[in-house]
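Have a look at the structure below, then the notes.
The values are calculated or read from the model by the stated rules, or taken from the named source; none is laboratory data. Since the model is a prediction, treat every value here as computed from it, not as a measurement. So basically every Cβ, Gly included, is an ideal-geometry build from the backbone, and we count neighbours across all protein chains shown.
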Amino acid sequence: MKGPDSTAFLMTRFYATRRLTLPLATLLFIPLGVAQNSPALKPGLYAIFNTSEGAITARLYEKDTPGAVANFVALAQGTKPWRDPKTGAMVRRPLYDNITFHRVIPGEAIQSGDPTATGAHNCGVTISDEFLPGLRFSAPGRLALANNGNPDSGGCQFFITAQQMPFWNGKYTIFGEVVAGLDVVARISRMPVKGEKPVDPVKLINVSIQRVDKPK
């Protein structure tokens, strides 16, 4: 079974551009909201996916997969340039604002991160894979980078699993896990589709980043 990729509907291959890495210490963290009925968050770095179906809160593995986390946070906050599909220019603005979950593998995963909603957008960003033996698709709620099947081809698109997917181990960089809002993930994964394209795509309103510090 084919897993999440960056060319789900149009087979356009990403071309590598210069790699940009941002140390997490330079990033701006703005707490905006968390998933409803969210448990108290442990110290760490979190992404809150505000969707038209509700909020999803994911803890980011900043120590285990620092490259993927720094890339995702920078794209979410608009501090890293990506290619505007309308102009072709590299722009610095939040990539994940007002887009959709353009791909749904029913009951298995939901995918977003493409402003064209085709799955084929060349965002102008690629980063190195970060496969760790201890990070596996052993439970629902894994947050990972989509890719086109080639090494180091992930960049802007991401997916969240709705169930364990062990046959994806070692194929995608897992850089976080859902700690609240798994019901939202499950609901989106059950939306009507034609193939793997949602009939009425769920909107991703924005992704906010929050750091929870240890109590003093």
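Okay, here's what the table says:
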read-out: Flag for residue 101 being crowded, with 22+ Cβ neighbours inside 10 Å and among the aromatic types (Phe, Trp, Tyr); value: yes
read-out: Condition met for residue 186 (touching a Pro at 6+ places or on another chain (Cβ under 8 Å) and crowded, with 19+ Cβ neighbours inside 10 Å); value: no
read-out: Test result for residue 110, out of contact with any helix residue (DSSP H, G or I) (no Cβ under 6 Å at 6 or more places or on another chain), crowded, with 19+ Cβ neighbours inside 10 Å and in contact (Cβ under 8 Å) with a residue 40 or more places away in the chain; value: no
read-out: Residue within the stretch 60-71 that is among the aromatic types (Phe, Trp, Tyr) and in contact with a Cys (Cβ under 6 Å, 6 or more places away or on another chain) present; value: no
read-out: Options 55, 89, 146, 68: the member that is touching a residue at least 40 places away in the same chain (Cβ under 8 Å), of a type outside the set (Val, Ile, Thr) and surrounded by fewer than 24 Cβ atoms within 10 Å (Cβ to Cβ); value: 55
read-out: Subset of the stretch 197-213 [farther than 15 Å from residue 52 by Cβ, part of a strand (DSSP E or B) and not β-branched (Val, Ile, Thr)]; value: 197, 208, 210, 211
read-out: Members of the stretch 138-174 that are among the hydrophobic types (A, V, I, L, M, F, W, C), more than 23 Å from residue 53 (Cα to Cα) and under 15 Å from the mean Cα position of the chain (by Cα); value: 174
read-out: Of all residues making up the stretch 122-143, the number that are without any contact (Cβ under 8 Å) to a residue 60 or more places away in the chain, crowded, with 21+ Cβ neighbours inside 10 Å and either out of contact with any helix residue (DSSP H, G or I) (no Cβ under 8 Å at 6 or more places or on another chain) or not aromatic (Phe, Trp, Tyr) (or both); value: 1
read-out: Residue list for the stretch 85-140, filter: among the acidic types (Asp, Glu) and within 21 Å of residue 164 (Cα to Cα); value: 108, 129, 130
read-out: Candidates 25, 70, 8 - the one that is modelled with pLDDT under 50 and part of a helix (DSSP H, G or I); value: 25
read-out: Flag if residue 39 is at pLDDT 60 or above, exposed (fewer than 13 other Cβ atoms within 10 Å of the Cβ) and assigned to a loop (DSSP other than H, G, I, E, B); value: yes
read-out: Close pairs (7 angstrom Cβ cut-off, 6 or more residues apart or separate chains): surrounded by 16 or more Cβ atoms within 10 Å (Cβ to Cβ) in the stretch 202-216, of a type in the set (Val, Ile, Thr) and part of a loop (DSSP other than H, G, I, E, B) anywhere; value: 208/30; 209/30
read-out: Qualifying position, being in contact with a helix residue (DSSP H, G or I) (Cβ under 6 Å, 6 or more places away or on another chain) and of a type in the set (Val, Ile, Thr), among 209, 174, 188; value: 209
read-out: Tabulated pairs, the stretch 173-191, first free of Cβ contacts under 8 Å to residues at least 24 places away in the same chain, second assigned to a helix (DSSP H, G or I) and polar (S, T, N, Q), C-beta under 7 angstrom, 6+ apart or interchain; value: none
read-out: Matching residues in the stretch 52-67 - criterion: being more than 13 Å from the chain's Cα centre (by Cα) and either outside any loop (DSSP other than H, G, I, E, B) or of a type in the set (D, E, K, R) (or both); value: 53, 54, 55, 62, 63, 64, 66, 67
